[in-house]
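J.: Okay, here's the structure, questions in a sec.
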Amino acid sequence: MLEGKKIVVTGASRGIGRAIALACARAGAVVGLNYRASEESARALEKAHLNRFILLPFDVRDGEAVSAAVAQFRERAGRIDGWVNNAGINLPDLLLSASPQKIREQIDVNLAGPILCAQAVLPVMLEQHSGVILNMSSVAATRPSRGQAVYAATKGGVEALTRALAVEYGRKGIRVHAIRPGPIETEMLESTQAWAADEILARVPLHRLGRPEEVADLAVYLLSDKAGFITGSVHTIDGGYIQG
Ligand code: NAD
């Protein structure tokens, strides 16, 4: 579905980002794998699939590094058809106990990161008169749990950014989507489980966690030309997740 496409995925060293990167490569794309410099897993992924991946070490909070990575990927791959703003962190805390550092870090990674990345990649997509930006939101944007005020606010911002960019650049052939996952089986979910697994499952009518590969299948569709008349919308994949 993505033959010949060139796509960058941020936070691709593990979890949902890794699954999206692999699914894009399997669907025929050349994929820019973003990871933070200290991480080994992205290098291992590249070694296993040598000519499908281009390593792009940068921190999404660092605007200069993001711009350099955009230039580097474009030079190697020739163009940029898709950019997946997947990198994210979740540092749960009731707002009154949250440290200024934790608040800042979540806003910087989850919201400023996608804004900086979009700003860096849009000129390339404008030149091409085509491109897709895919942002990773969360059910927390509309159905938050206790302890998620800052995380939820960043994801609400990501959804607003999605709609605003779709309006600003639709006429130029650029589509912008958001995926809004429910609980997905990744290290993030494991490390941030503020409540017991059975409490999470009680909120999921399908009564199981989602798999990163299921989110990746949706991402591949949205990045493909088959989704050519879809833009500005939020695509929920949550097993029917209900407000607690
Ligand atoms: P994860 O913690 O397993 O992976 C997150 C990835 O982002 C990692 O590769 C990490 O290294 C990277 N990352 C973090 N900060 C970064 C930075 N500053 N620069 C570059 N990369 C950075 O998490 P996941 O569960 O795979 O989540 C992926 C996305 O999906 C996130 O945006 C998350 O908010 C969202 N999400 C996850 C769930 C879930 O249940 N797992 C639910 C809803 C939304």
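The values are calculated or read from the model by the stated rules, or taken from the named source; none is laboratory data. Quantities reported herein were computed from a predicted structural model and do not represent experimental measurements. No Cβ is skipped: glycine too gets one built from the backbone with ideal geometry, and neighbour counts run over all protein chains shown. Keep in mind that these areas ignore ligands, DNA and RNA; they rest on the heavy atoms of the full protein, side chains included. Shrake-Rupley method; radii C 1.70, N 1.55, O 1.52, S 1.80 Å.
J.: Using the Karplus curve 6.51 cos²θ - 1.76 cosθ + 1.60 with θ = phi - 60°, work out ³J(HN,Hα) for each residue of the range 115-128 in order, rounded to whole Hz, and write x for Gly and Pro.
T.: 5, 4, 5, 4, 4, 7, 8, 4, x, 5, 5, 5, 4, 7
J.: Between Tyr221 and Glu64, what's the calculated FRET efficiency when r is the beta-carbon distance and R0 is 41 Å? Round to 0.05.
T.: Values: r = 33 Å, r/R0 = 0.81.
The formula returns an efficiency of 0.80 here.
J.: Explain nothing, just compute: Karplus ³J(HN,Hα) = 6.51 cos²θ - 1.76 cosθ + 1.60, θ = phi - 60°, for every residue of the range 18-33 in order, whole Hz, x for Gly and Pro.
T.: 5, 5, 5, 4, 5, 5, 5, 5, 5, 7, x, 8, 8, 10, x, 9
J.: In addition: Which order do peptides 211-217, 23-29, 10-16, 238-244 fall in by mean Cβ count within 10 Å, highest first? Write out the running numbers ahead of the final one.
T.: Details: 211-217: 18.4, 23-29: 21.1, 10-16: 24.7, 238-244: 15.1.
In descending order of packing, they fall as 10-16, 23-29, 211-217, 238-244.
J.: Starting from the Cα-Cα distance between Ala197 and Glu185, subtract it from 0.36 nm times their residue separation and give me the gain in nm to one decimal.
T.: On the way: separation 12, 0.36 × 12 = 4.32 nm, distance 1.10 nm.
Fully extending the segment from Ala197 to Glu185 adds 3.2 nm.
J.: Separation between the Ser233 and Lys47 pseudo-spin-labels, each 7 Å from Cα along Cα→Cβ, expressed in nm?
T.: It works out to 4.3 nm between the two label points.
J.: 5 Å is the cut-off here: which amide hydrogens, built 1.01 Å from N in the peptide plane, fall below it relative to Gly210, excluding neighbours closer than 5 in sequence?
T.: Distant-sequence amide H within range of Gly210: Ile184, Glu185.
J.: Still on this structure: Dipole of the chain (Lys/Arg Cβ +1, Asp/Glu Cβ -1, origin at the Cα centre): which of Leu165, Gly182, Ala112 lies farthest to the positive side?
T.: So the residue furthest toward the plus end is Leu165.
J.: Percent relative contact order of the range 21-83, based on C-alpha pairs within less than 8 angstrom and at least six residues apart? If you can, show how the numbers build up before the last one.
T.: Values: 62 pairs, mean separation 17.3, N = 63.
So the answer I get is 27 percent.
J.: Could you give the length gained on full extension between Glu127 and Arg146, defined as 0.36 nm per residue of separation minus the Cα-Cα distance, in nm? Numbers along the way, then the final one.
T.: Details: separation 19, 0.36 × 19 = 6.84 nm, distance 4.39 nm.
Result: 2.5 nm gained on full extension.
J.: Counting only protein chains, not ligands or nucleic acids, how are Asp62, Asp225 ordered by accessible area (probe 1.4 Å), most first?
T.: Numbers: Asp62 70, Asp225 110 Å².
Largest accessible area first, the list is Asp225, Asp62.
J.: Roughly speaking, to the nearest percent, how much of the range 126-200's 1.4 Å accessible area is carbon and sulfur?
T.: Carbon and sulfur atoms account for 51 percent of the accessible area of the range 126-200.
J.: Kindly report the accessible area of the range 5-46 per residue (heavy atoms of protein chains, probe 1.4 Å, no ligands, DNA or RNA), in Å².
T.: On the way: 1400 Å² over 42 residues.
Accessible area per residue, the range 5-46: 33 Å².
J.: Under the classification rounded if a/c is under 1.5, otherwise prolate if a/b is larger than b/c and oblate if not, where does the range 1-86 fall, given a ≥ b ≥ c as square roots of the Cα gyration tensor eigenvalues?
T.: On the way: a/c = 1.56, a/b = 1.14, b/c = 1.37.
Oblate is the answer for the range 1-86, as a/c is 1.5 or above yet b/c matches or exceeds a/b.
J.: With an 8 Å cut-off on Cα pairs and a minimum separation of 6 or more residues, tell me the relative contact order of the chain in percent.
T.: 21
J.: How large is the accessible surface of Leu161 in square angstrom, using a 1.4 angstrom probe and rounding to the nearest 10?
T.: About 30 Å², rounded to the nearest 10.
J.: Report the Cα centroid-to-centroid distance between the range 64-132 and the range 206-241 in angstrom, as an integer.
T.: 20
J.: With each run of n ≥ 4 DSSP H residues scored as -39500 (n - 2.57), what mean residue ellipticity at 222 nm is computed for the chain after dividing by its residue count and rounding to the nearest 500 deg cm²/dmol? Could you put the intermediate results ahead of the total?
T.: Values: 9 runs with 103 residues, N = 244.
My calculation for the chain gives -13000 deg cm²/dmol from helical runs alone.
J.: For the range 1-114, give the share of DSSP beta bridges that are antiparallel, in percent and rounded to the nearest 5; count only bridges with both residues there. All intermediate terms of the calculation are to be shown ahead of the outcome.
T.: Numbers: 0 of 12 bridges.
For the range 1-114, the DSSP antiparallel bridge percentage is about 0.
J.: Relative contact order for the range 125-200 using alpha-carbon pairs under 8 Å, separation at least 6, rounded to a whole percent?
T.: Numbers: 85 pairs, mean separation 30.2, N = 76.
Worked out over the range 125-200, it gives 40 percent.
J.: Taking the Cα centre as origin and putting +1 on Lys and Arg beta-carbons and -1 on Asp and Glu beta-carbons, what dipole magnitude results for the range 1-144, to the nearest 20 debye? Could you put the intermediate results ahead of the total?
T.: Values: 16 positive and 13 negative charges, 79 e Å.
Here the range 1-144 has a charge dipole of around 380 debye.
J.: Just to confirm the filter: which GluC sites (Glu not before Pro) across the range 1-63 are DSSP coil and have at most 16 other Cβ within 10 angstrom of their Cβ?
T.: Working: sites: Glu3, Glu39, Glu40, Glu46; in loops: Glu3, Glu39, Glu40.
Hits after loop and neighbour filter: Glu3, Glu39, Glu40.
J.: Which one of Thr231, Thr162, Thr192 has the biggest mean-square fluctuation once the chain is modelled by GNM with Cα springs under 10 Å?
T.: Thr192
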